[in-house]
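Below is one structure; the comments refer to it alone.
The values are calculated or read from the model by the stated rules, or taken from the named source; none is laboratory data. All values reported here derive from a predicted model rather than from experimental measurement. Neighbour counts run over all protein chains shown; Cβ positions are idealised from the backbone, glycine included.
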Amino acid sequence: MAIRPPKHPIRELTELYVEAIADAVANAPPDMAIGVHLCRGNFKGRYLAEGGYDEIATALFACPGVTHFLLEFDTSRAGDFAPLRHVAADKGVVLGLISSKNPVIETREEMLRRIDDAARFIDRDRLAISPQCGFASTVAGNPLGEAEQRAKLALCVTVARAAWN
């Protein structure tokens, strides 16, 4: 009997989660869009985790049955876009470039530049833009008012029109 070295805990958990997701969507209709959001926490504008997608990219971005991934990229704590090169050819990515954690309104130019950066690793026609997470993932919400939330959603529309029209 061969002795196998222990698996890397992150890779082992990633394989377990990918298998669970694939099992959960295995019987979905073939025309159903299925997205997976990777959340790092969103409580009163604070987060719980940080780090890039490098360690999980190969396994996760090939997950059977998933059509797209909604990924947080609103701050440098999410790492760079290089892991997007591992996204399977039949899947897309929604770039969570707009922060729902703080009231600062991002600039159109910065968002367009970041989309260009991401498009170095995955075809632009497989990309979209959104806020990185919900504006009120818990009853406590985040430190944004309705005006900032509306402005951030309007920015998503403006940037999407500029980037994909």
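When N42 is evaluated against the numbered criteria (1) out of contact with any Lys or Arg (no Cβ under 7 Å at 6 or more places or on another chain); (2) within 23 Å of F135 (Cα to Cα); (3) modelled with pLDDT under 90, which criterion, by number, is the only one it fails?
(1)
As an exercise: evaluate I115 against (1) in a loop (DSSP other than H, G, I, E, B); (2) under 18 Å from N165 (Cα atoms) and give the number of the one condition it does not meet.
(1)
Identify the single condition in (1) modelled with pLDDT under 80; (2) in a helix (DSSP H, G or I); (3) of a type outside the set (V, I, T) that A49 does not satisfy, given that it satisfies every other one.
The single condition A49 does not satisfy is (2).
If S100 meets every condition in (1) surrounded by 19 or more Cβ atoms within 10 Å (Cβ to Cβ); (2) at pLDDT 95 or above apart from one, which number is that one?
(2)
Considering the stretch 131-158 alone, what residues qualify as being at pLDDT 95 or above and of a type outside the set (A, V, I, L, M, F, W, C)?
Result: T158, single match.
Yes/no matrix, rows are residues, columns are (1) in contact with a helix residue (DSSP H, G or I) (Cβ under 6 Å, 6 or more places away or on another chain); (2) loosely packed, with under 15 Cβ neighbours inside 10 Å; (3) assigned to a helix (DSSP H, G or I):
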residue	(1), (2), (3)
R85	no, yes, yes
A89	no, yes, no
D125	no, yes, yes
A151	no, no, yes
V157	no, yes, yes
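Restricting to the stretch 59-79, count the residues that are under 14 Å from D90 (Cα atoms) and part of a helix (DSSP H, G or I). Spell out the reasoning first.
Kept after step one, since they are under 14 Å from D90 (Cα atoms), are these residues of the stretch 59-79: 60-69.
Right, trim to part of a helix (DSSP H, G or I) and you get 60.
Residues in the stretch 59-79 being under 14 Å from D90 (Cα atoms) and part of a helix (DSSP H, G or I): 1 in total.
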